[in-house]
Amino acid sequence: MNSELILSESVLKSNFEQLGPQSTIQRIFEQSCAQRGMNFPKIDNPRKIYWDADHYGLSGLKQFCVLSIDEKQKLLEALNEFNLHEACFVENLGYRFNAKMILHSKSLEERSMFANFAADEAAHLHSILPFTQGMAPLKIENQPMIHLLSQTIEESSAAPTSFLIQVILEGFGLAHYSTLGKNCLDDVLQKVIQKIVKDEAFHHAGGKAVFALRGINESETKELEDLIFQVTRLFCQWPHPTMRAFVKLGFDDPRFLRNLIEDLRPQEKSLLRIQYIQKLIDLLPAEKLNQLQNRGAFQIPDNEEILKSFLKSPINPAIGG
């Protein structure tokens, strides 16, 4: 694991240290939220599975169909855990992002907006956390997008950070969370996700409004181009969580993984993702979009590229990461 990932992982893990449900600070937090009408779910018997095989496109996949019932359960648990942990880390990063933007805001209205958004992120995180009970402890392994976002918040200028997180990722998050909500098997979690979608729409609109008001200078534009390039590459690695879930079951032979990628037909979904991102970044000048195109930011990787990126990942359990 390289030094950048170690730094990012250290920061992210420290942000999940908890004082416990009986702490004075936790009680004050919950009471202040309740006074504003924010009450978090109390889950006595949390599920292991909130999204089924259909949601992950596994039902007709031959590699999934031949598994035993126990193996299917474990694979789905791994993917469900990934989705919930990813959501927790994204909302947690929202604290730090909005804190950064409050400090860099140039008007009272902008500071007020980001302060309100930070409160949303706190509510989102504490609404999701109860559903992770009984799962493995929150961990950042195998979350390259979270590493990138953490590093961006720590090191990048405010304008590129805002565009990346609010315009691109929260824009994409509207579609992602909407699908999670639609396919969710649990009524309580479904309502939580539907509330998040409504809030994310305001966050996305806020990012677009700040960009329209403040713009972005030339050096920040170059910074943003680099971030967009990295994000589009990561968005095309969407089969990796499914591949890791199979690896955890012992299916780590490259030939098996190559066949799995082929049957997942990743190019179709990757193309839709890239096209969605292109619509989100259409706010940028045509010249900058052409530069990204020429760099290969919107190129769809073939199956071998997906396999190679998976096997060389420094946080890939298939190679002992």
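Each reported figure results from applying straightforward, stated rules to the coordinates on display, with no laboratory input. Remember, predicted model here, so these are calculated numbers, not experimental data. Neighbour counts are summed over all protein chains in view; Cβ atoms, including those assigned to glycine, are modelled from backbone coordinates with ideal geometry.
In deg cm²/dmol, rounded to 500, what helix-only [θ] at 222 nm does the chain give when every DSSP H run of at least 4 residues adds -39500 (n - 2.57) and the total is split over its residues? It would help to have the intermediate numbers written out before the result.
Numbers: 15 runs with 216 residues, N = 321.
After summing the helix terms and dividing by residue count, I get -22000 deg cm²/dmol.
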task = About the Cα centre of the stretch 48-319, how large is the charge dipole given +1 on each Lys and Arg Cβ and -1 on each Asp and Glu Cβ? Please answer in debye to the nearest 20.
result = 100 debye
message = Taking θ = phi - 60°, what integer Hz values does the Karplus form 6.51 cos²θ - 1.76 cosθ + 1.60 yield along the stretch 99-111, in sequence order, with x for Gly and Pro?
response = 4, 4, 5, 4, 5, 9, 5, 9, 9, 4, 4, 5, 4
note = Across all Cα atoms of the stretch 203-321, Rg and the largest Cα-Cα distance (Dmax), in Å, are 17.2, 52
query = Which of Leu103, Ser150, Asn92 sits closest to the plus end of the dipole of the chain, meaning its Cα is farthest towards the positive end, when Lys and Arg get +1 and Asp and Glu get -1 on the C-beta?
reply = Asn92
ask   = Which distance in Å, rounded to a whole number, links the C-alpha centroids of the stretch 98-171 and the stretch 46-89?
value = 26 Å
query = Residue-wise, which Karplus ³J(HN,Hα) couplings in Hz belong to the stretch 228-237, taking 6.51 cos²θ - 1.76 cosθ + 1.60, θ = phi - 60°, and x for glycine or proline?
reply = 4, 4, 5, 5, 5, 5, 5, 5, 7, 9
ask   = If R0 is 35 Å, what FRET efficiency do you get for Ile25 and Asn217 from their C-beta distance, rounded to 0.05?
value = 0.30
ask   = What is the chain by shape, rounded, prolate or oblate, if you read a ≥ b ≥ c off the alpha carbon gyration tensor as root eigenvalues and call it rounded for a/c under 1.5, prolate for a/b larger than b/c, and oblate otherwise?
value = oblate
Distance-filtered residues of the stretch 238-267 - backbone nitrogen under 16 Å, label point 7 angstrom along Val66 Cα→Cβ = 246-247, 249-264
note = Among trypsin sites (Lys or Arg not before Pro) in the stretch 72-179, those in a DSSP loop whose Cβ has at most 13 other Cβ atoms within 10 Å are Lys106
key: Residue order, fewest to most beta carbons within 10 Å, for Thr24, Thr132   = Thr24, Thr132
Karplus (6.51, -1.76, 1.60) ³J(HN,Hα), θ = phi - 60°, over the stretch 198-209, in Hz, Gly and Pro reported as x = 4, 5, 4, 4, 5, 4, 5, 4, x, x, 5, 5
